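The values are calculated or read from the model by the stated rules, or taken from the named source; none is laboratory data. These numbers were taken from a predicted model, which means no experiment stands behind them. Every residue, glycine among them, receives a Cβ derived from its backbone with ideal geometry; neighbour counts consider all protein chains shown.
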Amino acid sequence: MCGIVGAVAQRDVAEILLEGLKRLEYRGYDSAGVAIVNNEQQLNRVRRLGKVKELADAITSDPITGGTGIAHTRWATHGEPSEINAHPHMSGDNIAIVHNGIIENYESLRETLKSRGYEFVSQTDTEVIGHLVEWELRTCDSLLEALQKTAAQLEGAYGTVAMDRRDPSRLVVARSGSPLVIGLGLGENFLASDQLALLNVTRRFMYLEEGDVAEITRHDVNIFDVNGNPVTREVLESTVEHDAGTKGKYRHFMQKEIFEQPTALISAMEGRISHDSVLVESIRTGAKDILSKVEHVQIIACGTSYNSGMAARYWFESLAGVSCDVEIASEFRYRDFVVRPNSLLLTLSQSGETADTLAALRLAKEKGYMSAMSICNVSGSSLVRESDLAFMTRAGTEIGVASTKAFTTQLAAMLILVTAIGKEQGTINKEKETEIVQALHSLPAQIEKALEFDTEIEKLATDFADKHHTLFLGRGEYYPIAMEAALKLKEISYIHAEAYAAGELKHGPLALVDADMPVVVIAPSNDLLEKLKSNVEEVRARGGLLYVFADENSGFEASEGMKIISLPHVDPIVAPIFHTVPMQLLSYHVALIKGTDVDQPRNLAKAVTVE
C-alpha cells in the first residue's frame, strides 16, 4: 500500500523520484519523503506530512541534487501519521532506509538494538531495519551482505531499500511479501513498488521473487535468492500505456475508470470467446485437462474481489454444476480447513499483491489443492507468478482506491471460466454455451447504456446529502451486487452502508427503517421478482424511503416514498454485471456531494500489502 521509488543514475534524480511518487499516490498514503546523496557524498533528506505536492514544493524551494536516491509514500501502521514517522529513516548519518510492509518481530529487535546503544526517534517498525543494517555493516564487506544478514533476522512482510551515503554508487533491496520491481535503463537503473512509477523512464522491468535480495548500480543488477545464490530474473517489456496515470477529461480516476468499463470488458474477453464459443485453451495450454477434473471451486479474496467471488458462486453452481465456496482471505488463512477432492483454488485480486490473499494462496498450496488459479489485473504480480494458472482481466491500470472496472472484469472472467468448466465437463451444452457467449458479447454495449443514466443518478444523489446510513437490498446473485454497492458508498462517501439479502429484512434490519434511512433496491426481472416486491412492501409499510433500480420489465411504479430508476432489460446471465454500474455511479455522485476525496478516501489504500 505504501510506495517506493529508487534510482541510481548519472543525472539528478529528484524529479524522477517525485514523479514516481505522484504516480503511486493512488495506493494511499499520509506522508512522503525523499533522500538523495549528492556528488560530495552528502545525504539530504526531506519529509513532509500530507500529499506529495507538499514534498515537491519543499524541494522546489530548497533543491537537492544527486544521482542516487530513494523516495517513499507512507500509509501509517506503526506510529501516527507525522513527519518524524515518515520515510526515509536513518541510522546515524550514513544509512537511509525505506520500507513497505510490517516487521512482526520489531519489538524484540528494537530492545536488542537499544541494548547495543541505538537510539530510536520514530514509532515505526521500519527504523529497526536501518539500525540492523548499520550494525551488520560494521563486520560486513558490503552493504549487500549487511542487508542479507538483516533480512535473515526479519519476520513479517517487507520490501525494503537501503542506501549508504559513503557509497552512492549502489542501492540494495530485499523483498519478502511486499512487491518490488527493478526498472532497467541505459547507464542508469531504477526500482519501485509498482512499474507504473517508472514508466516515464523505462519500459523494461524485472520482478523480484519472494526472498530475493538485489544490488543495483548504474550498469548492473545482481540478484540473489533467499539462500544467497545468484539468480537471473526475466526481463519483461511493459505494455502499460504512458497516460494510464492521467485523468484525461474526467474529474477523478474513479469516474474515468467507471466509464472505461465497456472498453475494459472488450479487452477482458478478447481472444477468449469466439462468436459462439469459449476458447478454453486461451486460459492456458493444458487448462482443458485441469478444468475437466474440477469438482469444487474454493474462492479466496478480500474486499471488492470477495464480492465478485460471491456473485460468481451462483454461476459456478447453477451453470457449471460445480460446488463453490467463497471465503475472506484473512479468515481462511487462520482456520483449519478441509480440502475437497479435485478442488480448484481460485484467488481474486486487482493488484495481485494483497497480503492476506497471497498468504492464503501459499498456505492452501501446501494443503493439496488440485491446482491454483488467480484472476488478476497485474501480470507481473506475486499472485500471478505463484499460481499454477492465471486469468488476466486486462482492465488496464486502476488507480482509484474504490475498485470499479476490476470488479466487472473479474465477473466477466469468471463467467468465461464457469462456461469453460461446464463445457469440458458436459454440464453446459452447445446451445447454452452460445447463449452465454452472446450475452457476453452484448455486455459492453449494455454497459454503455447504463452509463447514460449518469445525469439521472447525479440528480438522485442529492437525496443522500444529509443521510448517514443506507441499506442496499438484493436477492440471489444480486445480493453480492448489493454488498459491492454498499462497500462503494461507505468507501468514498463515508456514509454507513450495509447490504442485506432482501428476505432477511424481517429478521432484524426492519428495525432500522425510517424516513431518514434510504433503502436502495436492485430489482431485475427474474424468478425472484415477486418475492422482492413483497420485501419492498415491507419497507413501504414502515415509512421507508425507497430507491428502486428496476428492470423496465419488472412492473415497479413510482409512488410516494418510492423513486424508480427504470433500466433497460439485459440478458439475465450478465445482468448482475450490468446492474453494478448504476450503483457505482450512485456512490460516486453521493461522494461528490459530500465533498470527500473520491480517489484517495481517508484511512484506505489501493494495494493492501500488509495484514
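Cβ-Cβ distance below 9 Å, separation of 6 or more or different chains: which pairs start in the stretch 213-230 with a residue that is on the phi > 0 side of the Ramachandran plot and end on one that is part of a strand (DSSP E or B) and at pLDDT 95 or above?
Cβ pairs passing all conditions: 228/213.
Considering only residues that are surrounded by 16 or more Cβ atoms within 10 Å (Cβ to Cβ) and closer than 17 Å to residue 569 by Cα, which ones fall in the stretch 452-465?
Residue satisfying the conditions is 453 alone.
Go through (1) at pLDDT below 95; (2) under 27 Å from residue 345 (Cα atoms) and name the single condition residue 448 misses.
Against the list (1) at pLDDT below 95; (2) under 27 Å from residue 345 (Cα atoms), residue 448 comes up short only on (2).
Can you tell me which residues in the stretch 511-528 are of a type in the set (A, V, I, L, M) and within 34 Å of the chain's Cα centre (by Cα)?
The answer is 512, 513, 517, 519, 520, 521, 522, 523, 528.
Being surrounded by fewer than 21 Cβ atoms within 10 Å (Cβ to Cβ) and assigned to a strand (DSSP E or B): is that true of residue 223 here?
Criteria met by residue 223.
If I go through the stretch 560-587 residue by residue, how many of them are free of Cβ contacts under 8 Å to residues at least 24 places away in the same chain and of a type in the set (A, V, I, L, M, F, W, C)?
Number satisfying all stated conditions: 1.
Answer yes if at least one residue in the stretch 530-542 is touching a residue at least 60 places away in the same chain (Cβ under 8 Å), more than 30 Å from residue 357 (Cα to Cα), part of a helix (DSSP H, G or I) and polar (S, T, N, Q), and no otherwise.
Checking the stretch 530-542: at least one residue is touching a residue at least 60 places away in the same chain (Cβ under 8 Å), more than 30 Å from residue 357 (Cα to Cα), part of a helix (DSSP H, G or I) and polar (S, T, N, Q).
Just to check your reading of the model, which residue among 264, 197, 268, 214 is in a helix (DSSP H, G or I) and either touching a His at 6+ places or on another chain (Cβ under 6 Å) or within 20 Å of residue 158 (Cβ to Cβ) (or both)?
The unique qualifying residue is 197.
Residue-by-condition table, conditions (1) in contact with a His (Cβ under 6 Å, 6 or more places away or on another chain); (2) modelled with pLDDT of 90 or more; (3) of a type in the set (A, V, I, L, M, F, W, C):
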| position | (1), (2), (3) |
| --- | --- |
| 278 | no, no, yes |
| 293 | no, yes, no |
| 299 | no, yes, yes |
| 311 | no, yes, yes |
| 320 | no, yes, yes |
| 325 | no, yes, no |
| 332 | no, no, yes |
| 336 | no, no, no |
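Residue-by-condition table, conditions (1) within 12 Å of residue 269 (Cα to Cα); (2) aliphatic (A, V, I, L, M); (3) at pLDDT 95 or above:
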| site | (1), (2), (3) |
| --- | --- |
| 381 | no, no, no |
| 395 | yes, yes, no |
| 403 | no, no, no |
| 428 | no, yes, yes |
| 441 | yes, no, no |
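Given the conditions (1) buried (at least 22 other Cβ atoms within 10 Å of the Cβ); (2) in contact with a strand residue (DSSP E or B) (Cβ under 9 Å, 6 or more places away or on another chain), report the number of the one that residue 581 does not fulfil.
Every listed condition holds for residue 581 apart from (2).
Does residue 178 satisfy the condition of being in contact with a Ser or Thr (Cβ under 7 Å, 6 or more places away or on another chain) and under 29 Å from residue 22 (Cα atoms)?
yes
The rows are residues; the columns are (1) of a type in the set (Asp, Glu); (2) in contact with a Pro (Cβ under 8 Å, 6 or more places away or on another chain); (3) within 21 Å of residue 75 (Cβ to Cβ); (4) surrounded by fewer than 24 Cβ atoms within 10 Å (Cβ to Cβ).
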| position | (1), (2), (3), (4) |
| --- | --- |
| 121 | no, no, yes, yes |
| 128 | no, no, yes, no |
| 135 | no, no, no, yes |
| 138 | no, no, no, yes |
| 141 | yes, no, no, yes |
| 145 | yes, no, no, yes |
| 156 | no, no, yes, yes |
| 161 | no, no, yes, no |
| 173 | no, no, yes, no |
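Quick one: how many residues across the stretch 417-441 are closer than 21 Å to residue 296 by Cβ and without any contact (Cβ under 8 Å) to a residue 40 or more places away in the chain?
1
Taking into account only those residues within the stretch 340-387 that are in a strand (DSSP E or B) and in contact with a Gly (Cβ under 8 Å, 6 or more places away or on another chain), which is surrounded by the most Cβ atoms within 10 Å (Cβ to Cβ)?
Residue satisfying both the conditions and the ranking: 348.
List the residue pairs whose Cβ atoms are under 9 Å apart, where the first residue sits in the stretch 121-144 and is within 13 Å of residue 109 (Cα to Cα), the second is among the charged types (D, E, K, R) and buried (at least 23 other Cβ atoms within 10 Å of the Cβ), and the two are 6 or more positions apart or on different chains.
124/74; 126/74; 133/164
Which residue out of 44, 39 is in contact with a strand residue (DSSP E or B) (Cβ under 8 Å, 6 or more places away or on another chain) and not in a helix (DSSP H, G or I)?
Sole residue among the options that is in contact with a strand residue (DSSP E or B) (Cβ under 8 Å, 6 or more places away or on another chain) and not in a helix (DSSP H, G or I): 44.
Can you name the condition, by its number, that residue 11 falls short on among (1) surrounded by fewer than 18 Cβ atoms within 10 Å (Cβ to Cβ); (2) in contact with a strand residue (DSSP E or B) (Cβ under 8 Å, 6 or more places away or on another chain)?
Among (1) surrounded by fewer than 18 Cβ atoms within 10 Å (Cβ to Cβ); (2) in contact with a strand residue (DSSP E or B) (Cβ under 8 Å, 6 or more places away or on another chain), residue 11 violates only (2).
Got at least one residue in the stretch 324-339 being β-branched (Val, Ile, Thr), on the phi < 0 side of the Ramachandran plot and in contact with a Lys or Arg (Cβ under 6 Å, 6 or more places away or on another chain)?
Yes; the residues of the stretch 324-339 include at least one that is β-branched (Val, Ile, Thr), on the phi < 0 side of the Ramachandran plot and in contact with a Lys or Arg (Cβ under 6 Å, 6 or more places away or on another chain).
So which residues in the stretch 44-57 are over 17 Å from residue 5 (Cβ atoms) and either among the small types (Gly, Ala, Ser) or crowded, with 22+ Cβ neighbours inside 10 Å (or both), if there are any at all?
Residue satisfying the conditions is 50 alone.
Every residue in the stretch 212-226 that is of a type outside the set (A, V, I, L, M) and closer than 22 Å to residue 381 by Cα, please.
Matches in the stretch 212-226: 212, 215, 222, 224, 225.
Cβ-Cβ under 8 Å, sequence separation 6+ or interchain: first residue in the stretch 316-339 and touching a residue at least 60 places away in the same chain (Cβ under 8 Å), partner of a type in the set (D, E, K, R) and part of a helix (DSSP H, G or I). Which pairs?
Between residues of the stretch 316-339 that are touching a residue at least 60 places away in the same chain (Cβ under 8 Å) and residues that are of a type in the set (D, E, K, R) and part of a helix (DSSP H, G or I), the close pairs are 319/432; 330/356.
Search the stretch 75-101 for residues that are without any contact (Cβ under 8 Å) to a residue 60 or more places away in the chain and at positive phi and pair each with any residue that is in a loop (DSSP other than H, G, I, E, B) and crowded, with 17+ Cβ neighbours inside 10 Å when their beta-carbon atoms are under 8 Å apart and the residues are at least 6 apart or on different chains.
79/85; 79/122; 79/124
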